[in-house]
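First the structure, in the form of structure tokens, and then the observations on it.
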């Protein structure tokens, strides 16, 4: 199944077992997306061999949609001494996203899982993934990823305790995870959190986190917890998630934007479209970057002839947004000069807009060249100060890269507007450099 990433056994022993060691006999341990069983079966290492069969029968239940994965999980259970018939009874093939099982017994359920990750936007674009759209219908309308449906299934079935391995953008994304955070974190508190800023799955560059959840007896307004951020070393950080900020760890950013709002800020619009160029033919030559065509390490440039109005609009807006960190110190997200970086007059997009491509920005009221340079300097300084204060937690985590000097982040256009709203037009008039853009 698309979106599945099997979990290394070491993840269980190092990060999960210490959390549950004292409670092995208190729960029915369930994995709805068990793969080869690496998040549940290794607990048998901590059970005396002569008790493993009884423990497995009473305390372990696993499911997966993939029949071959279920067979491998059964084989792994047998390696622990579990009889095949018993293993087949407690490890079953089932589409638990669509058909949640009835879990009855004398022990409460504790769900430990690494669910599938598959973003709805990706599903809609890929023919081989479109069959997954049915998961997002009915009560799941509005959620954006398969793992979010897994979490909501647990919520609807009253599960009290869970440990999930999910993309770290559950915290750090905005539109893609806002609904699941608002719906889920009003009901569950976070007990522990490990944020991985290095690769743990060989088959994907997705940054992940391990979270433990406990169901709350009353509606949750604020969640406080310590997280361990894991990269080349481990670092502890205190997080406070507030319902007023959609449970997103961007309090420093939001507080700064609210406190420094300037009524006379520049108004920014995004994108020069191919359609707009076609509707404004003329005799003025412009060289434009095609943001969709990237070959041999650079974007392709095309020449157009446009009318006076569009020519003036392009030439008076010499800045663009780099929304994704390149992974180098000088390649961080921010606002930059089109002529310096691309040797072109502007940047256009043809067809659907991609927010990870360079995007030309258009400022109202129009700025002089010096004012535009000053805007770039103030914006990037403010952005980098906020990143330093918050460890970039207000930005969306981008794909993991082995060669990056830091965790790559995505700067949303909403955040660009937010930082712009803290800059006064008066700020752009003093001490501006005359350096060419």
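Calculated FRET efficiency, residue 279 to residue 48, Cβ-Cβ distance, R0 = 45 Å: about 0.05 to the nearest 0.05. Taking the helices alone, the chain has a mean residue ellipticity at 222 nm of -7500 deg cm²/dmol, built from -39,500 (n - 2.57) per DSSP H run of at least 4 residues and averaged over all its residues.
GNM remark for the chain: springs join alpha carbons under 10 Å apart, and the peak mean-square fluctuation among 20, 338, 91 falls on 20.
Cβ crowding within 10 Å, taken as a proxy for footprinting-reagent exposure, orders 408, 329 from fewest neighbours to most as 329, 408. Considering only 49, 88, 242, the Gaussian network model of the chain with Cα springs below 10 Å gives its largest mean-square fluctuation to 49.
A simple spin-label model places the labels of residue 368 and residue 381 1.9 nm from each other, with each point 7 Å out along Cα-to-Cβ. Rounded to 0.05, the FRET efficiency of the residue 300 and residue 23 pair, given R0 = 56 Å and the Cβ-Cβ distance, is 0.45.
The modelled label-to-label distance for the pair residue 426/residue 102, using points 7 Å beyond Cα in the direction of Cβ, is 7.1 nm.
Among 184, 342, 171, the largest mean-square fluctuation in a Gaussian network model of the chain, built with springs joining Cα atoms closer than 10 Å, belongs to 342. D by Stokes-Einstein for the range 196-328, Kirkwood Rh over Cα pairs, 20 °C, 1.002 mPa s: 104 µm²/s. When peptides 290-302, 27-39 are sorted by average Cβ neighbour count within 10 Å, with the highest value leading, the order is 27-39, 290-302.
Inter-part distance, the range 261-329 to the range 215-251, computed on C-alpha centroids, equals 38 Å. Extents of the range 9-248, taken as max minus min of Cα coordinates on every principal axis and listed largest first, are 52, 42, 38 Å. Decide, for the range 267-428, between rounded, prolate and oblate: order the square roots of the alpha carbon gyration tensor eigenvalues as a ≥ b ≥ c, take rounded if a/c falls under 1.5, and otherwise choose prolate if a/b is larger than b/c, else oblate. Judged from the Cα gyration tensor, the range 267-428 comes out oblate (a/c at least 1.5, b/c at or above a/b).
In this rough spin-label picture, where each label sits 7 Å from Cα along the Cβ direction, the residue 75-residue 262 distance is 6.5 nm.
Quick note: the coordinates plus some simple rules give every number you see, no bench work behind them. Everything numeric in this text was worked out from a predicted model, so none of it was measured. Counting neighbours? That spans all protein chains shown, and the Cβs are built from the backbone with ideal geometry, glycine included.
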